[in-house]
Amino acid sequence: MAPRGNGGGARVVECKASEHNQELTSKTHHQQNSSSGEHLRICPQGYTCCTSEMEENFANKSRSEFEAMMKEAGRSVQATLTAQHRSFDSYFQDLLNKSEKALYDAFPSMYGELYTQNAKVFKDLYSELRRYYRSSNINLEEALNEFWTRLLERLFKLLNPQYHITDEYLDCMVKHAEQHRPFGEVPRELKVKATRAFIAARSYAQGFLVGSDVVRKVSQVSLSQECSRAIMKLMYCPHCRGMASVKPCSNYCLNVVKGCLANQADLSTEWKYLMDSLMGVADRIDGPYNVDTVIGTIHVRIAEAISNLQENKDSITSKVFQGCGNPKISTKGSSSEDKKRRGKVTLEAKSSAQALEMLVLDAKGNLTALKTYWITLPSSLCSKKMMSSSASDDKCWNGMTKGSYLPEVMGDGLANQINNPEVEVDITKPDMTIRQQIMQLKIMTNRLGNANIGNDVDFQDTSDDVSGSGSGDSCPDDVCGKRLSKSPSTRQPETHAIPKQSGHGVKGASSRSLPSASLLLLLLSLAALHLWR
């Protein structure tokens, strides 16, 4: 151990610690007289006024106080990340709610039976969109394809009530739908834009929650025995030497805390990557994948699609008849509904672009401030919580007495603690909990990286709602030709898990294998750590 400087064994004739910390000691141990200190196990064995019981109580107190400091610092970060998630989540949910309400308010008067007899189709669409955003295992492209398929089946029958159209006939019509483009370019355009916006939005929201959860779990990691002794020596041994008012030397405090939080500092690299990735996706959300423009106008695009079908009804019907044959005439007769031309109504969506811009700016400011959290935590605890003295102060507590502190300050992270003069750290045994959280950061960063380029990712399904799950069969040719029920009016939507390896679903499926690789890496890391132990 490097020399600590001058100072040393001046006899202490008065110990104010016993009076100042009466709650820590038994009344029988209150004393003003000092002793040699040979009974002390943590503090320097010079003249002292602390008994063995007092030293033990001080050790327990210092441990609980330091752990409380860690949790308090962590709660501050958690509160920031949780607040950012809450703000964005509220904004995004409000966009969906307003779009759905606008649809419900306008469509009955615009389309009559075209809407009222098919309200569930629209309701199911928004329900699926919300479930996807909440990270359920839903293939978003398939959900959108299913919506357009169901809507086409219903509307084709309503627009041609004079014919008896069977489920088999609808199967044939759907298979040729891509060729006829009954809804124009709306389904294709909405699929491209909506998938990118939703992928970015849900990854962004999830990133804040993962970051907050990592901080919560890491802040609860208990101190090692060596660390507890070092913290006691730092915080309360001055009391046992009658120096309760003497603050710890700044560099001394840093070495103790860096040794105690060596594993936590190893989070820094992946933590910075997560913060940067969140800021990158934030730029996408308020830029190319603008959620205000895309999500807030879903009802407008649906109205455009229906108008296109109405305007081109005769041409589309003729093409379907050519490809699938002429259906039989219905004995029920024709309805007058298809003859009611309600006119083309232009829906408008109120923009909340300014609110989104402010959300993103606020988030980026907070994320930038949090980037260095783990490596600045020791200095923050020392300066703000432990009230350490300045580095040049030669009248601070250096671990032995009042004087200057000469050893150099250790670097950050576990590997740099091999020569820490204050805390004995076994650099061959990383903390398992913290290593697991480092892996969680890597996985989340990978998800955000995929979302940044518009690729879908595998999310753990945390939803309790697993109803409506289908058999897992994918829909060929970009449409779903097979239905869960022969009755289009009662059929439930198909729900599919996001494929891990196939190319179906959102493009860029090859990138989706990366999270699985990360999980494999986690398992290998855990096995290696087990061997180290």
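The values are calculated or read from the model by the stated rules, or taken from the named source; none is laboratory data. Keep in mind it's a predicted model, so treat the numbers as computed, not measured. All Cβ positions, even for glycine, are placed from backbone atoms using ideal geometry, and neighbour counts span all protein chains on display. The accessibility values were calculated without ligands, DNA or RNA, using every heavy atom of the protein model including side chains. Shrake-Rupley method; radii C 1.70, N 1.55, O 1.52, S 1.80 Å.
Structure notes:
- Residues of region 269-301 that are open to solvent by 20 Å² or more (accessible area, probe 1.4 Å), part of a loop (DSSP other than H, G, I, E, B) and in contact with a Leu (Cβ under 6 Å, 6 or more places away or on another chain): D286 alone.
- Against the numbered list (1) under 30 Å from N452 (Cα atoms); (2) open to solvent by less than 10 Å² (accessible area, probe 1.4 Å); (3) of a type outside the set (A, V, I, L, M), E304 comes up short only at (2).
- Hits in region 182-195 - residues which are assigned to a helix (DSSP H, G or I) and either at positive phi or of a type in the set (A, V, I, L, M, F, W, C) (or both): V186, L190, V192, A194
- Against the list (1) modelled with pLDDT of 90 or more; (2) over 30 Å from M235 (Cβ atoms); (3) exposed (fewer than 15 other Cβ atoms within 10 Å of the Cβ), the condition T372 fails is (2).
- Among the residues of region 53-96, those identified as buried (at least 16 other Cβ atoms within 10 Å of the Cβ), farther than 28 Å from Q354 by Cα and of a type in the set (S, T, N, Q) are N57, S62.
- Check on S489, open to solvent by 10 Å² or more (accessible area, probe 1.4 Å) and modelled with pLDDT under 65: yes
- Subset of region 126-143 [open to solvent by 10 Å² or more (accessible area, probe 1.4 Å) and closer than 16 Å to H299 by Cβ]: S127, E128, R130
- Counting only residues that are assigned to a loop (DSSP other than H, G, I, E, B), in contact with a strand residue (DSSP E or B) (Cβ under 9 Å, 6 or more places away or on another chain) and modelled with pLDDT of 90 or more, region 380-428 holds 4 of them.
- When the helices (runs of 4 or more DSSP H) confined to region 78-167 are screened for residues that are over 23 Å from E189 (Cβ atoms) and of a type in the set (V, I, T), those reaching at least 1 such residues are found at 113-116.
Quick grid of which residues meet (1) without any contact (Cβ under 8 Å) to a residue 40 or more places away in the chain; (2) part of a helix (DSSP H, G or I); (3) in the same structural domain as L309 (by the TED database); (4) surrounded by fewer than 23 Cβ atoms within 10 Å (Cβ to Cβ):
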position	(1), (2), (3), (4)
A197	no, yes, yes, no
S203	no, yes, yes, no
S212	no, yes, yes, yes
K217	no, yes, yes, yes
E226	no, yes, yes, yes
R229	no, yes, yes, yes
V246	no, no, yes, yes
V256	no, yes, yes, no
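- For N251: the one exception among (1) of a type outside the set (A, V, I, L, M, F, W, C); (2) over 34 Å from the mean Cα position of the chain (by Cα); (3) open to solvent by less than 10 Å² (accessible area, probe 1.4 Å): (3)
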